[in-house]
Amino acid sequence: MKKQLYKLSFFLTVAVFLLASCKRELDVAPIATYDGKATHTIAQLLEYHTNPAGFTYDTLPKGIVIQGVVISSDKEGNCYKFITIDDGTAGVQIKINSSTLYYNFPLGQRVFVNCDGLVLGDYGLLPQLGWWENDGMEGINTNVLYKHIFKDGAPGATPEPIELTSANQIQNNMYNRLVRVKNCHFKYPGSRFAETTSSGTSNDIVFEDGSEIVLYTSRYAHFASQLTPNGTFDMVAILSRFKTTNQLTLRFLSDISDPVVPPVQTEVVVSKLDLSQNPLENGWTNKTISGSSWEYMPGSAMRIVGAAGGNDSWLISPSINATNYDNLTLSFTHRSLNGVGYRQVYYSTTYTGGDIDESEWHSLNISNFPTTFTAYNAILTDELLASSNLRFAFRYYDNINSTWLLSAFKVSTIIEQ
């Protein structure tokens, strides 16, 4: 009996030792590495799509493998369904059908990309790797991602950003790469990084030499509701483009030097289009010179549907005493259907009612009249802030059966608390 107990004790001891040994082995298991090599640099890859017309693609020869370091991150929601890699010669955006990529592809992660089965296309002339479906570039499905993208070791440092002191320094090999914009400032500080009424918002960044570039921010970025800062700063961002417009994309709010910590601020609406009731019965005025008139669509919009043969109709806001405020922002959301004809938004500081022609009206020079509801935003100038009788008017002047809708309008101020 004692001999049997001795044998059992011996085997238990060996088992515990082996388990402990296995655990120690797992603790020090090496990080998997890719055992292949790149066949092309990213700059060489991009030569297969050097003359895009915009929103086009090219198929790639078999056997192309590239490598690069991840420089993007979707952790704060502003790099949606893509990673961007840079190998020192160029950068490329890889579209992936996932919205939590920073877990698997953190900053500084070196990856190899097997391009077999992928196409090289563009979104508004910005190079992208992915699939071509539904007449556009689409993301690689995650269930086949293992066939295309391979991590190589642990994350390391990202490439040093290219320093820019002027928008005029931008060259074609800088797109999809990190840049550091030196001594810049926001053209309109105190605005939100992105509004909730559109998919994204463009803010103008001014270089030290006065040249400008667009900072484009998604409405889904975690910092979208933060306010753009005052003062001069350096900014690290991914350089991109949409057609002929150069753009910057922030990865993190902290990519702006001296991180933005705005004071507690409250938006106060000074005047708005209240569609819960008929605006034409609550301070708004319709002045129809000819043709159709603006009409109320309960709870939805103000609308005008033009009649064939000629229309000239004005929708005029109530008077606003702007002298009571240090800052005011105008914003409205509209859409134009079946042609744009002549539509214009005016302001006046002299109109008090009656004949339109007896007052001075100044155009806001709005050139974009989209077919989908789109927001327009503008900070009012000091000249308008000096007016105690500020009004805005939406003029529809057309001779065809087209439609213009206004679904939102407000003039608001930001008050620091």
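Every number here is computed from the coordinates shown, using simple stated rules; none is lab data. Bear in mind the structure is a predicted one, so any value in this text is a computation, not a measurement. Reconstructed Cβ throughout: ideal geometry from the backbone, glycine too, with neighbour counts over all protein chains shown.
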What is the sum of charges around K410, taking Lys and Arg as +1, Asp and Glu as -1, for the other residues whose C-beta is under 12 Å from the C-beta of K410?
-2
With the chain treated as a Gaussian network of Cα nodes joined by springs under 10 Å, which of A237, A224, A307 yields the largest mean-square fluctuation?
A307
Got a sec? Charge dipole of the chain, +1 on Cβ for Lys and Arg, -1 for Asp and Glu; which of H49, P61, Y347 is way out at the positive end?
P61
Roughly how many debye, to the nearest 20, is the charge dipole of the stretch 42-151 about its Cα centre, given +1 on each Lys and Arg Cβ, -1 on each Asp and Glu Cβ, and no other charges?
380
Would you please name the chymotrypsin sites (Phe, Trp or Tyr not before Pro) within the stretch 358-417 that are DSSP coil residues with at most 15 other C-beta atoms within 10 Å of their C-beta?
F373
Least to most buried among H185, H148, by other C-beta atoms within 10 Å and fewest first, runs H185, H148
Protection-proxy order for peptides 212-222, 155-165, each taking the mean of Cβ atoms within 10 Å per residue, highest first:
212-222, 155-165
Can you sort K62, K272, K95 from fewest to most other Cβ atoms within 10 Å of each residue's own Cβ?
K62, K272, K95
Can you pick out the pairs among K187/K272; K37/K62; K95/K147; K81/K243; K62/K147; K182/K243 whose Cα atoms lie more than 18 Å from each other?
K187/K272; K81/K243; K182/K243
Positive minus negative residues near S198 (Lys, Arg vs Asp, Glu; Cβ under 15 Å):
+3
Using the Cα centre as the reference, give the magnitude of the dipole from point charges on the C-beta atoms of the chain (Lys, Arg: +1; Asp, Glu: -1; all else neutral), rounded to the nearest 20 debye.
2080
Give me the net charge of Y57's neighbourhood, meaning all other residues with Cβ under 13 Å from the Cβ of Y57; Lys, Arg count +1, Asp, Glu -1.
-4
Under the rule rounded for a/c under 1.5, else prolate if a/b exceeds b/c, else oblate, using alpha carbon gyration tensor axes a ≥ b ≥ c, the stretch 180-330 is classed as prolate
Provide Rg and Dmax in Å for the stretch 42-151, with only Cα atoms included in the calculation.
12.7, 36
Which value, in Å³ per residue, describes the convex hull spanned by the Cα atoms of the chain?
232
Dipole of the stretch 183-228, Cα-centred, from +1 at each Lys and Arg C-beta and -1 at each Asp and Glu C-beta, to the nearest 20 debye?
260
Selected from V269, T142, P127, residue furthest toward positive end of dipole (the chain; charges at beta carbon):
T142
